[in-house]
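Where a number appears in this text, it was derived from the coordinates with a stated rule and is not lab data. Quick caveat, the model's predicted, so the values are computed rather than measured. Backbone-built Cβ (ideal geometry, glycine too); neighbour counts: all protein chains shown.
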Amino acid sequence: MEELENIDGSSVDRFMTRWYGVTPPRAESHDQQVPPPLARWFQLTAAGGERITHYYQVRSSDALAVVDELLVFCDDPAGEFVWACAQHDPDPPTFERMNDEFQWRETGFPLSSLLLYIAVAGAVLSARTGLMNTNIPHQHFERVIGHFRKLENPLWTWPDPRLSYYVGDRMLAFGGHSGDPPGWQLLIGAMDHETLNTFDEVEWEWDSRTSR
């Protein structure tokens, strides 16, 4: 998945096409108050409909809010923090803050990259086809992750460098050694159930093949 390693403004389009089979719609004119990457996100997710799985909650266009001159566009599922971006830039910088804080922190990623991160997180953390074990033995973690390649772009170890995203053959994974108390955790999203048969010898807390 080259679009996850050499990230540019077309990466979200290419990932949505590869993972969900979304046919990228023709670019349309959009509200000039919405930065182009976010307007494109709305077009792609509308085209993909229910095929697309979501973890972080990108707000609909009518739920966007301006706070401290930043456009708040995304909430985490637990309601603990929000993401925002500058308004007047073709691919603006992004910011985050906890909901009980007043100070914004810059993420270090432009909006197009953070939307790619959101898309991949949805494909793995909210996968309809996949596997999960939040306390997997280390030797099993190493056995499974050997079928993947770690994504080296700094985006994929943000915000906790102990956890990383990985890419495999028709699969994505997220995991590492983290938590309280710390332990090994691993989540896998796949394009089809047959791809998961490689990992039958490992015990999983959730297996989409048996949860249907």
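Would you pick out the residues in the stretch 92-145 that are surrounded by 19 or more Cβ atoms within 10 Å (Cβ to Cβ), of a type outside the set (A, V, I, L, M, F, W, C) and within 24 Å of residue 65 (Cα to Cα)?
92, 94, 107, 110, 112, 113, 117, 122
All but one of (1) over 19 Å from residue 5 (Cα atoms); (2) surrounded by 17 or more Cβ atoms within 10 Å (Cβ to Cβ) hold for residue 156; state the number of the condition that does not hold.
Failing condition for residue 156: (1).
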